[in-house]
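Inspection log for the structure reproduced underneath, given as structure tokens.
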Amino acid sequence: MPTDMSNATTAPFYLDWTFWSFAAATIAIVLSQLPPLRTYILRSKVRADAYGRMLVGHLMGYPNLEVTLGFRNIGGMPVRVERLTLTVLKGEQSMVSLVGAAYYPSPQTPSTVIFTPFVLAPGAEWIHGVHFFERLSQHADRELGRLRADVRRSIARKVQERRDATAQRMDDGNTAADGLVEADDELIERLEGEFEKNFAWVPGEYEAVFKAETDKLGAIAFKYRFTLYESDVESMIEAAHRHRYGFGVVPTLVDSNIVPVMVDLTRSQ
């Protein structure tokens, strides 16, 4: 007897094992693509800025800079900032390349700590004052360290000699000697020669090219312009004349008469 196909009952799709095989395969494909999709949708992005003004100076002639930098992760993936560098351009020529070697861990901390790589989570921000120094060759660094140590010992010896002489004069009823103590003449000549050899600042327009090297974004570059006036350069040269007293040479000696050279920053295109 013929079967009436119009009255045949179709089994529900969820009882069909081929449907579930297809669904399982589809889910597996989607799950396998989730990491790439997440990376594509939540891609890495960091905003970098320099804030306020920049301190321009030198260490016994070698250029150095101090500036507050800020990095904010505005993407969806963590980013590791591994290194900070700064290239100073005078016109089209590169004048000096510096490394972000130290930073202030907080505004309340008067001293710096060594810069180490840091990770920016999505939405996180890193804002600190950073010291940029020229990375010297091993020989130059050793010679500079030796000169600074010799100046420190020379001044310490003369200070002690003055104290002993002052104590003797006081015992004799005389007044104490005052005034700054200079390093030995031979060391002063070496200090002046080191400064003249390394000092590179001149009046004019400069461009500071900051770079943050990262693990996911490569090098993030951002540029600022600044101007040094004749009075700025003269102030730095005048400060160098006080090297003979240990100021700017011996880290523990601070000279309140030395006024830092502060410059305004203008973001470049």
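Quick notes on this one:
- For V202 and F118, the difference between the fully extended length at 0.36 nm per residue and the C-alpha to C-alpha distance is 26.7 nm.
- Here K223 is the anchor, and the lysines within straight C-alpha reach of less than 27 Å, apart from those fewer than 8 places off in the same chain, are K45, K90, K211.
All of the numbers you see were taken from the coordinates with simple rules; none came from a lab. Just so you know, these numbers come straight off a predicted model, no measurement behind them.
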